[in-house]
Each structure stands twice: as structure tokens, then as C-alpha cells.
1. Where does the charge balance sit around V89 when Lys and Arg score +1, Asp and Glu -1, over other residues with C-beta under 12 Å from its C-beta?
2. For L176 and D208, what is the calculated FRET efficiency with R₀ set at 30 Å and r taken between the beta-carbons, to the nearest 0.05?
3. What are the trypsin sites (Lys or Arg not before Pro) within the stretch 142-187 that DSSP puts in a loop, where the Cβ has at most 16 other Cβ atoms within 10 Å?
4. Select from the stretch 181-256 those GluC sites (Glu not before Pro) which occupy a DSSP coil region and have at most 11 other Cβ atoms within 10 Å, ordered by residue number.
5. Under Stokes-Einstein, with the Kirkwood radius over Cα pairs standing in for Rh, what whole-number D in µm²/s applies to the stretch 121-256 at 10 °C and 1.306 mPa s?
Amino acid sequence: MIDDYKVETENFPSLLFLYIMNFMQARTKIPRKYQPKGFEIIYEDDHLIIGEKMPGLLTVGALWERQHTVHNLLNQYVRKGNSKSNKVVFVVHRLDQATSGLLIFAKSERVQQQIKDHWKEVTKTYYTVVHGRMPHKSGEISSYLVEDEDYVMHSTMDSDQGKLAHTAYTVVKESLKFSLLKINLLTGRKNQIRVHLADEGHPVVGDDKYGRPDTRHSRLALHSQAIAFVHPVTKTPMSFETEIPEYFTTLVGGAA
């Protein structure tokens, strides 16, 4: 018992550090009535807001929708009902309207730019369900991506036309018709995951833009599940995770 106590005492600084880290990164307790509809805030401090976007909600405004976006909802949130307030949040990155999962917003342009300057160092993990079985259980897909006049992304091998994109994947679970993939997004190009998997002949379930028109699966099976980065101000390592949507595991026949 004495020896055990000695070991625990000696390790106290590291144990305390881990406790503080876990406490700092626990989900922010915001009453449901104050949570923006369609975006659950899971962490907030003086510099950042991090939350989980529901599918169907735009990150920022588009030609067909200006008001009902995460950006606009968070601007209202930080103003706390004060119509004269000039407080705003700043977009760090985006998710497609049909994609769910984690998003980071900054409370100042300085913090926004600091994160963007180190975006390559941010670890971004997605989960997706694709049609069919991947021929290789893990791998990396690379191509140059270019956008056409209809705002549709395409792969090209011409480095002068497109921007280089890398997508790493691992098969987590598969059934006869579908595969659940864990995606490590090595770059962050528009529609990158969807284009790369469609190029492989295994489009994302519910993707009628790059995949197969399929009224049976109306939801896009793509989710930003985890994100890790160094806090731009405190320099503390930050890591956040969400649950894999139950819809995904149901498609491939149960829990992953």
C-alpha cells in the first residue's frame, strides 16, 4: 500500500495535467434552449466555438439560403439577443450542407487566421458509408481536383488545372452491399472525399451529385467525426469526437 501510494504521489503532476486536460475539453454545458437549432455547441472559450452540425444545414450562406446557416445562428448566439451588438464569429472551415459533424469557428479574425495558417497540422477524421466493397482494406487516393462552371468538382492528373488532394481510408466494417470507412483527410479540398470515392467506383451512399441517384438512401452518409489541433492562443492540444451516426452502422449491419 505504501509503495502504491508513493508511485501515485510521484505521478501526481502528470495525473493532474491529464485531469485538467480532460476537464478543459469536456463538452460545454449550454442549456438546450440556448443551443442554436441544428448546431450543438460542445466547446466554447474566449477564442473558439466548436460544435456538431446536423445534416441539411449550410455552414455559410448560399444563393438559395442566406439566413438559416451555422454562421448566422452563431452570430445571433454570441450577440445574446442584443440587436445592436456587433459581435460576430469567423468561419475556419466548412462542411457540405448534407454532411454532418464537427466545425470550428473563431471569435476573432486573428484566431481564425492562426488556425488557417496551421491547417495542415489539424487532424480531421471522417466516417462514411460507400456502395460495395473496397478492393483494398486501406489505402490512399490522390488526384488534382478542379471545379467546372457548374460548381462540380472533377479529378484530373493535370497539376496546372487542379489542386492536389490526398484521402486516406481504412475499411472498418463491410456487408454485401456497403462498406463503413474511416477517412483521414490529408488535404481539405471541396467535395474531396465524395469525388475520390466516386472515382474509385464506390460512391458515398446518398450522394446523388457524384454517385448514384437513390431515393432509398436520401441522407448523405458522410460525417466529420473527430478533430484535433493545438489551441492557437493557449497552445493546449485540443481533441474532440462525436458519435458515428447510427444510420451508418445500420447500413452495414450493426455496430462497428
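1. Local net charge: +1.
2. The computed FRET efficiency comes out at 0.85.
3. Details: sites: K163, K173, K177, K182; in loops: K177.
The qualifying sites are K177.
4. For GluC sites (Glu not before Pro) across the stretch 181-256 that sit outside H, G, I, E and B with at most 11 neighbouring Cβ atoms in 10 Å, the list reads E243.
5. On the way: Rh = 15.7 Å.
Diffusion coefficient, whole number: 101 µm²/s.
Just so you know, all these numbers are worked out from the coordinates, no wet-lab data involved. Predicted model, so just to flag it, every value in this text is computed and none were measured. When we count neighbours, we look across all protein chains shown, and the Cβ atoms used for this are built from the backbone with ideal geometry, even at glycine.
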